[in-house]
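Rule-based calculations on the coordinates, nothing more; no lab input. Since the structure is predicted, the reported quantities are computational estimates derived from the model, not experimental observations. Every residue, glycine among them, receives a Cβ derived from its backbone with ideal geometry; neighbour counts consider all protein chains shown.
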Amino acid sequence: DRAGIDISLQVVERGVGWHLANGNADGGWAYRPQKQPGPSYHNLAAAGAGSLGVGRLLLHGHKNSPKQDQQTPKVFGVLEGVTAEEEKKGETNDRKNYRPGISSSTIDGRVSRAFGWISPRFPPPTDGNMPYYFFYALERAAELHDIKSVQGKDWYTAYGDILLTMQGASGGFDKG
């Protein structure tokens, strides 16, 4: 979208609708949605919340849009955020006039339920390959939804500390 590629908002909204219709009653998502869904998983709860975040961003904008005159500091001294004006630069009239049938509050409510599933299971198991994808998916979902903590803890620091325990002596993440 930021690269100027025309993305159909109808397709985005169908994707959001799919996620809303295929989640588990407990707030998470199963590996394969079925008539009788399987158990929810950490990875899929975070990935589902992240997918809804992308849909929300394209359909309704950021959950907590920064004020236009607000300056955002560079992250790590080099990464800069994109302003709302920069995001709208490539919008076509079709995009400006599109009125989604799924409200931002519906999406936000479903994301809250996903984080409600994640929170009591904080932190996730760190065995196998599961945690690496989970950490990535959680970061995307939390950033898209402006979530700063899970179970009252700064998720970024807490999961970063866990990730560091998984780092091998060579600096790689070969544990797990």
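Taking Lys and Arg as +1 and Asp and Glu as -1, the other residues whose beta-carbon sits under 15 Å from that of ALA25 total +2. Close amide H contacts of TRP29 (hydrogens built in the peptide plane, cut-off under 5 Å, sequence separation of 5 or more or a different chain): ASN24, TYR41, ALA45. Between the amide H of PHE173 and those of GLY168, distances stay under 5 Å, these residues lying 5 or more places away or on another chain, with hydrogens modeled in the peptide plane.
How would you rank 36-48, 112-124, highest first, on the average number of other Cβ atoms within 10 Å across their residues?
Highest to lowest by the protection proxy: 36-48, 112-124.
The length gained by stretching the chain between ASN97 and TRP18 to full extension, at 0.36 nm per residue less their Cα-Cα distance, is 26.1 nm.
Taking the Cβ of GLY101 as the centre, find all other residues whose Cβ is under 14 Å away and add up their charges (Lys, Arg: +1; Asp, Glu: -1). Every neighbour counted, the sum reads +2.
Rounded to the nearest whole Hz, the Karplus-based 3J(HN,Hα) values (6.51 cos²θ - 1.76 cosθ + 1.60, θ = phi - 60°) of region 106-111 follow the sequence 5, 5, 4, x, 5, 5, with x at glycine and proline. Close amide H pairs (under 5 Å, H built 1.01 Å from N) link VAL150 with TRP155, residues at least 5 positions away or on another chain.
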